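Undergrad: Sharing a structure with you now.
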Amino acid sequence: MSLAYITEKQLAISAVRRACLLTSSVFNKLVKNETLVKGDKSPVTVADYSAQAVISTMLHRAYPDDLIIGEEDASDLRTESDSVSSLRNRIVELANEALTAELGIGDIAEWGIGPGSEQNANQLLDAIDRGSYEGGRNGRMWTIDPIDGTKGFLRGEQYAVCLALIVDAQVQVGVLGCPNLPWDWLKPDGDKGCLFVAVRGQGAQQMKLSGADSAPLTMPPYTPSTFNFLESVEAAHSSHSTTSQISTIMGLTQSPIRMDSQAKYGCLVRGDGGAYVRMPTGVGYQEKIWDHATGSLLVTESGGIITDSRGLPLDFGLGRTLGENYGIIATVSDAHAELLDAVQRVVKED
Ligand SMILES: Nc1ncnc2c1ncn2[C@@H]1O[C@H](COP(=O)(O)O)[C@@H](OP(=O)(O)O)[C@H]1O
Ligand SMILES: [Mg+2]
Ligand SMILES: [Mg+2]
Ligand SMILES: [Mg+2]
């Protein structure tokens, strides 16, 4: 067994597990004034902030020189008002609850976790803001999406805690925690909570969020009669009509599965859906690297191909966004050429 990135992998699993416990515990208690609206009109909750604080604290303790690209920043939490200070107190309380929880299998106290690891408000706000790195082509950087699919989280549906290590613009380690995802997609009332892990060159695996048993993941081969798409719930994030046109060209009979967050990538690699298709709804939006870093490695490590709608590889070396990539398509290797062809025919018609 290869030992490359073995510590980074264990750290990422540990950090994502702690963050997932935090987010699931918050959901049951979330009250209205614990959600803010960001400059781009998207929601952010105390759970997003505290999960980023926890993950960033652990990364910094383990690898002080590594850079971090996190979705959230703490500027809205640094102003002085009664409502902001109660929000801040809640974030400190939640982050410390997660950081100080007893050590479990694979946890290392030097990562700043376990009893006695409390951080104060300033330390936690600084940890959130350590995620402000601009990114780039060279060096080691982690990317955190503390809650991907915040809208799904608020609806009580799918969301994911996402963490990836990028080295010289290549994703090397990716971990995805999906607290609300059923272990078996066909048994929605059965056990929930899945963790997906991939290391470049070492394959991908799925394990229970709560336990250690893991199963290697290989995407099932292309079967046109049962092939279906995974796409966003939010029509503003991904064009549902474009997906439907692509589906018609490919002669697909199954309807798409709509789901928030990178949980779609988890479902793709374990075979719940045939392809993840994300076509832009307008011009100008640039996909964020933290929305696809982990998912892209899961795809390539389980026998799939991921490109943009022109067939170009996703470029994680251009900063905080995927820059010029336009749309995203991911599917098992033997279906990719046909899918890409259908996508290009639809794009040409538009
Ligand atoms: N106009 C847009 N087009 C594409 N993606 C968008 C978008 N506006 C927001 N998003 C991204 O879509 C992500 C959710 O993905 P999905 O639609 O697959 O659930 C959001 O992540 P967050 O929820 O972490 O903010 C956000 O980064
Ligand atoms: Mg967001
Ligand atoms: Mg996201
Ligand atoms: Mg997010």
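Undergrad: Of the conditions (1) under 17 Å from Gly177 (Cβ atoms); (2) not in a helix (DSSP H, G or I), Ile329 satisfies every one except a single condition; which number is it?
TA: For Ile329, the exception is condition (1).
Undergrad: Filter segment 148-161 down to residues that are within 6 Å of ligand 1 (Cβ to nearest atom) and either in a strand (DSSP E or B) or at positive phi (or both) and give me whichever is nearest to the chain's Cα centre (by Cα).
TA: Restricting to residues being within 6 Å of ligand 1 (Cβ to nearest atom) and either in a strand (DSSP E or B) or at positive phi (or both), the top hit is Asp148.
Undergrad: When you scan segment 283-291, do you find a residue that is touching a helix residue (DSSP H, G or I) at 6+ places or on another chain (Cβ under 6 Å) and more than 16 Å from ligand 2 (Cβ to nearest atom), even just one?
TA: We begin by selecting, within segment 283-291, every residue touching a helix residue (DSSP H, G or I) at 6+ places or on another chain (Cβ under 6 Å); these are none.
For segment 283-291, residues touching a helix residue (DSSP H, G or I) at 6+ places or on another chain (Cβ under 6 Å) and more than 16 Å from ligand 2 (Cβ to nearest atom): absent.
Undergrad: Mind counting the residues in segment 4-44 that are within 14 Å of ligand 1 (Cβ to nearest atom) and either modelled with pLDDT of 95 or more or more than 18 Å from the chain's Cα centre (by Cα) (or both)? Break it down into steps so the answer makes sense when it comes.
TA: Here is the first cut: in segment 4-44, the ones within 14 Å of ligand 1 (Cβ to nearest atom) are 19, 23, 35-44.
The next check asks that each one be either modelled with pLDDT of 95 or more or more than 18 Å from the chain's Cα centre (by Cα) (or both); those that pass are 19, 23, 35-41.
So the answer is 9.
Undergrad: Filter segment 155-175 for residues that are closer than 23 Å to Thr35 by Cβ, touching a strand residue (DSSP E or B) at 6+ places or on another chain (Cβ under 8 Å) and surrounded by fewer than 24 Cβ atoms within 10 Å (Cβ to Cβ) and give the result.
TA: Within segment 155-175, the subset closer than 23 Å to Thr35 by Cβ is 155-163.
Next, from what is left, pick out any that are touching a strand residue (DSSP E or B) at 6+ places or on another chain (Cβ under 8 Å): 156-163.
Within segment 155-175, Gly156, Glu157 qualify.
Undergrad: Among the residues that make up segment 182-191, is at least one of them in contact with a Cys (Cβ under 7 Å, 6 or more places away or on another chain) and either in contact (Cβ under 8 Å) with a residue 24 or more places away in the chain or within 16 Å of ligand 1 (Cβ to nearest atom) (or both)? Please lay out each step first, then the result.
TA: Step one: of segment 182-191, the residues in contact with a Cys (Cβ under 7 Å, 6 or more places away or on another chain) are 183, 185.
Cutting the leftovers down to either in contact (Cβ under 8 Å) with a residue 24 or more places away in the chain or within 16 Å of ligand 1 (Cβ to nearest atom) (or both) gives us 183, 185.
The answer is yes; a qualifying residue exists.
Undergrad: Follow-up. Could you check segment 85-115 and list, in sequence order, the residues that are in contact with an Asp or Glu (Cβ under 8 Å, 6 or more places away or on another chain) and assigned to a loop (DSSP other than H, G, I, E, B)?
TA: If the condition is that a residue be in contact with an Asp or Glu (Cβ under 8 Å, 6 or more places away or on another chain) and assigned to a loop (DSSP other than H, G, I, E, B), then Ile113, Gly114, Pro115 are the ones that fit.
Undergrad: Criterion first (over 25 Å from the mean Cα position of the chain (by Cα) and away from ligand 4 (no atom under 16 Å from the Cβ)) does Thr79 satisfy it?
TA: On the way: over 25 Å from the mean Cα position of the chain (by Cα): yes; away from ligand 4 (no atom under 16 Å from the Cβ): yes.
Yes: the conditions hold for Thr79.
The values are calculated or read from the model by the stated rules, or taken from the named source; none is laboratory data. These figures come from a predicted structure and were not determined experimentally. As a convention, Cβ positions derive from the backbone with ideal geometry for all residues, glycine included, and neighbour counts pool all protein chains shown.
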